[in-house]
Amino acid sequence: MVSAGPAGGFSGLPGGVAVSHLSVYDWPAEVDAEMDAGVCGGTPHMHLTCSEGYVVTGGQGAVQTLTTSGYEVTPLAAGTVAWFTPGTIHRLVNEGDLRITVLMQNSGLPEAGDAVLTLPPQYLTDPETYAAATVIPADAPEAEQERVARARRDLALEGYRALRSAEGPEALAAFHRAAAALVRPRLAEWRERWERGARAAATATGAQLDRLEQGDFSHLADAGVRAEQPSAYGKFGMCGRLDVYKGQ
């Protein structure tokens, strides 16, 4: 979590942005229908308050997206930068060693719960039911973590295929409604993270502009440099194996 540092500075990347390195899953989807049969990739999901950006660093693939405007496929290759706003259901497809640097709003809020997987409706009824189907036990052996990650990915694909094939806006609206209800108990925690991160960073910029207008440049004397290595490697994420950084 972002916190205040010396002389009013803030830890974490500029502007309350979080970063992680993602190797997209190469697991084929086990499907009965012809829709995307055999496609390899991650777990379809949606963020409620955070935009997400991809900087593709290697391999190739695509991101499938579903919004009220319809279904789209955006090709991804090394050098591509792609991003989308809250409410975009997205699924990464790995067509060959797809690797991405992921940028997220709000100090890592998505990894703090701002994501809802497209599970079938019966799993979206309450936080406990949803958690039972999605939480990967942190203390379990790696093989068990992978089994759970694959199972929740395939379960989310069931709901995702239903949303893609639905006619009219009702199914997507119902998913939006269920997702909003699921995250409501965590909104106070999210607001605190936003206030200490992205909001605080924007406020600090405003204060610096005010000082400069008054001829006060004293904040320049508090300049600092930071660098760090990932705090964890190969975590099982929604879309693939993640290298993450402390406090995000």
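Rule-based calculations on the coordinates, nothing more; no lab input. Quick caveat, the model's predicted, so the values are computed rather than measured. Ideal geometry is used to build each Cβ from the backbone, glycine not excepted, and the neighbour counts take in all protein chains shown.
Applying the Karplus parametrisation 6.51 cos²θ - 1.76 cosθ + 1.60 with θ = phi - 60° to the phi angles of region 193-209, what ³J(HN,Hα) value in whole Hz is obtained for each residue in order, glycine and proline being reported as x?
After applying 6.51 cos²θ - 1.76 cosθ + 1.60, I find 4, 5, 5, 7, x, 4, 5, 5, 5, 5, 5, 4, 4, x, 5, 5, 4 Hz.
Quick one: if you stick a label point 7 Å off each Cα along the C-beta vector at residue 184 and residue 218, how many nm between them?
Those two pseudo-labels are separated by 4.7 nm.
Sorted by packing (mean other beta-carbon atoms within 10 Å per residue), highest first, where do 120-130, 69-79, 52-62 land?
Descending mean neighbour count gives 52-62, 120-130, 69-79.
In the neighborhood of residue 222, defined by Cβ-to-Cβ distances under 14 Å, what is the net charge if each Lys or Arg adds +1 and each Asp or Glu adds -1?
+1
Is the shape of the chain best called rounded, prolate or oblate, per the rule: a/c under 1.5 gives rounded, else a/b larger than b/c gives prolate, else oblate, with a ≥ b ≥ c the square roots of the Cα gyration tensor eigenvalues?
Working: a/c = 1.90, a/b = 1.71, b/c = 1.11.
The shape class here is prolate.
Output the 0 to 90 degree angle, nearest 10, between the alpha-carbon long axis of helix 170-183 and the longest principal axis computed from the alpha carbons of the chain.
That helix lies at roughly 50 degrees to the long axis.
Looking at the square roots a ≥ b ≥ c of the eigenvalues of the Cα gyration tensor of region 131-207, which shape do they give, rounded for a/c under 1.5, prolate if a/b is larger than b/c, or oblate?
Oblate is the answer for region 131-207, as a/c is 1.5 or above yet b/c matches or exceeds a/b.
Quick check for me: using +1 on Lys/Arg Cβ and -1 on Asp/Glu Cβ, what's the dipole size of the chain about its Cα centre, in debye to the nearest 20?
Here the chain has a charge dipole of around 400 debye.
Would you tally the net charge around residue 89, using a Cβ to Cβ cut-off of less than 13 Å, leaving residue 89 out, and scoring K and R as +1, D and E as -1?
Local net charge: +1.
Taking a ≥ b ≥ c as the square roots of the Cα gyration tensor eigenvalues, with a/c under 1.5 meaning rounded and otherwise prolate when a/b beats b/c, else oblate, which class fits region 30-97? Let's see the in-between values first.
On the way: a/c = 2.02, a/b = 1.08, b/c = 1.87.
Oblate, since a/c reaches 1.5 and b/c is not below a/b.
Could you compute the FRET efficiency for residue 209 and residue 139, with r as their C-beta to C-beta distance and R0 at 45 Å, rounded to 0.05?
0.45
Among 148, 206, 225, which residue has its Cα furthest toward the positive end of the charge dipole of region 97-245, with +1 on Lys/Arg Cβ and -1 on Asp/Glu Cβ?
148
Loop by DSSP (not H, G, I, E, B), at most 13 other beta-carbon atoms within 10 Å: where is the longest site-free stretch of the chain for trypsin sites (Lys or Arg not before Pro)? Let's see the in-between values first.
Working: sites that count: 226, 246.
The segment 1-225 is the longest one with no such site.
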